[in-house]
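Peer 1: Handing you a structure now.
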Amino acid sequence: MGSYPVIWALTGARKGDNAQALALARAVARETGGQAVEKRLYYNALRALPNILLKPGLAVLTAQGRATLGPPWPDLVIGVGRRGVPVARWIKAQSHDRARLVALGRPRAPLAWFDLVLTSAQYGLPEAPNVMTLQLPPASPPAAPDDLARWREKFSALPRPWTAVLVGGARWPVLFDAQIARRLGEAVEHERALTGGSWIVSTSPRTGQRQARALHEVLRKPGYFYYWRENMKPADNPHRALLALADRFVVTSESASMIAEALRTGKPVSLFPMPQSRFAPHWRARRGLMRVLASAGILTPPRDMRAFCRHLAQQGALRFTTDPPRELPSWREETLSEAIARIAAWFRPREHG
């Protein structure tokens, strides 16, 4: 296998998932001198079928989704979650099994189908030689310099420090209504009472207009509030610029991608703990029958963001807004660079003795 791999990142409708796949593909490309290519997939109703029932193929794609795929075939395929699994397996078959498959998160499929599964603590997958648990999922880089200059000018009248508030929303079993949004606003004001300065809020597609308004009503000036709206231009969204410009962060706890983006800035991160439904299931796949079922792709543990957040808090990476103020120890992320090195090693020319 050559030393300059072609890397396909399979993307879809979920921006957070797309950011992870593209970030990993580009990191591996930088490490290997390869080429990262985004392949946008468009799914039909068959995507809802369990992967264990689907053969390698394109049956889950619309005609538009199928049109993006063709030779020359890649050396590496990176996907996130379960939807692209049959497509990734089909690509591998077209490459005469040359392509390597990397799954991010939880593929909801037999783990043996993949060369490497890069998961994180919220998914509770069993240990295996081809399963690696990351401290944080991959995340997109900050904004380009031109965008930073524009947003820096827009925020210039706001007193420092700037507290960026990255707001997600409801994703079962996580709850987020207007009352919870007001509690978030109270937590932001409490944090600002400790640090001074001003707040800059960036909402997201899941936030909801009613929740965004309830949050805005609690916050006191000075500050800047971005209401996410469908069909708004990406340039109107300050989210990526805030990763570079903000002095500290308050992040809602339901989004691993947003948490990862904030932590990778190296700036202080406070996590607002989002409540969960009392009907939320809780089990892991560490041993026994549950381990067997999860390894075989028959049953996958439920997503548990509380476990993910607790793990980071215990490592000293962040604190919860409900905790007393404290100085966080120096924290360094290592597992993602180890994963990138492990993948890059597949494409280094073998030495002949």
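Peer 1: Roughly how tilted is helix 15-32, in degrees to the nearest 10 and between 0 and 90, from the longest Cα axis of the chain?
Peer 2: Approximately 60 degrees, to the nearest ten.
Peer 1: Once amide H atoms are built 1.01 Å from N in the peptide plane, which residues 5 or more positions from V131, or in another chain, come under 5 Å H to H?
Peer 2: Excluding prolines and chain starts, which carry no amide H, the hits are V117.
Peer 1: Rounded, prolate or oblate: which fits the range 282-341, taking a ≥ b ≥ c as square roots of the Cα gyration tensor eigenvalues, rounded meaning a/c under 1.5, else prolate when a/b beats b/c? Intermediate values should be presented prior to the final figure.
Peer 2: Working: a/c = 3.77, a/b = 1.69, b/c = 2.24.
Note, shape of the range 282-341 comes out oblate.
Peer 1: In terms of Cα to Cα distance under 30 Å, which lysines are near enough to K15, apart from those fewer than 8 places away along the same chain?
Peer 2: K39, K55, K92, K154, K233, K267
Peer 1: Out of L263, V250, V292, whose Cα points farthest toward the positive end of the dipole of the range 243-341 (charges: +1 Lys, Arg; -1 Asp, Glu; placed on Cβ)?
Peer 2: Value: V292.
Peer 1: Report, in debye and to the nearest 20, how large the dipole of the range 54-104 comes out about its Cα centre when Lys and Arg carry +1 and Asp and Glu carry -1 on their Cβ. Display every interim value, and only then the final one.
Peer 2: Details: 8 positive and 2 negative charges, 32 e Å.
Here the size comes out at about 160 debye.
Peer 1: Just want the answer: with Cβ charges of +1 for Lys and Arg and -1 for Asp and Glu, which residue in L111, G70, Y43 is farthest toward the dipole's positive end in the range 1-154?
Peer 2: Y43
Peer 1: Report the charge-dipole magnitude of the range 164-280 in Debye, nearest 20, computed about the Cα centre from +1 at each Lys and Arg Cβ and -1 at each Asp and Glu Cβ.
Peer 2: On the way: 16 positive and 10 negative charges, 17 e Å.
With only Lys, Arg, Asp and Glu charged at Cβ, the dipole is about 80 debye.
Peer 1: Hey, of (1) -0.53, -0.65, -1.22; (2) -0.44, -0.55, -1.16; (3) -0.81, -0.88, -1.16, which did the structure itself give for log10 I(q)/I(0) by the Debye sum over Cα atoms at q = 0.09, 0.10, 0.14 Å⁻¹ when calculated?
Peer 2: Matching the structure shown: (1).
Peer 1: Can you work out ³J(HN,Hα) from phi for every residue in the range 293-305, in order, using Karplus 6.51 cos²θ - 1.76 cosθ + 1.60 and θ = phi - 60°, giving whole Hz and x for Gly and Pro?
Peer 2: These are the phi-based 3J(HN,Hα) values: 5, 5, 5, 7, x, 7, 9, 10, x, x, 5, 10, 5 Hz.
Peer 1: Treating the beta-carbon of each Lys and Arg as +1 and of each Asp and Glu as -1, no other charges, what is the dipole magnitude of the chain about its Cα centre, to the nearest 20 debye? Write out the running numbers ahead of the final one.
Peer 2: Working: 50 positive and 27 negative charges, 150 e Å.
Here the chain has a charge dipole of around 720 debye.
Peer 1: Run the helix sum for the chain: -39,500 (n - 2.57) per DSSP H stretch of 4+ residues, divided by residue count, reported at 222 nm to the nearest 500 deg cm²/dmol.
Peer 2: Working: 11 runs with 113 residues, N = 353.
Value at 222 nm, helices only, nearest 500: -9500 deg cm²/dmol.
Peer 1: What list of ³J(HN,Hα) couplings, whole Hz, do you get for the range 260-265 from phi and the Karplus terms 6.51, -1.76, 1.60, once you set θ to phi - 60° and write x for glycine and proline?
Peer 2: Values, residue by residue: 4, 4, 5, 5, 6, 6 Hz.
Peer 1: On a 0 to 90° scale, report how tilted helix 335-344 is relative to the longest principal axis of the chain, with both axes built from alpha carbons and the result rounded to the nearest 10.
Peer 2: Orientation of helix 335-344: about 30 degrees from the principal axis.
Values in this text are rule-based calculations from the coordinates and carry no lab data. All values derive from a computational prediction rather than experimental measurement. Neighbour counts are summed over all protein chains in view; Cβ atoms, including those assigned to glycine, are modelled from backbone coordinates with ideal geometry.
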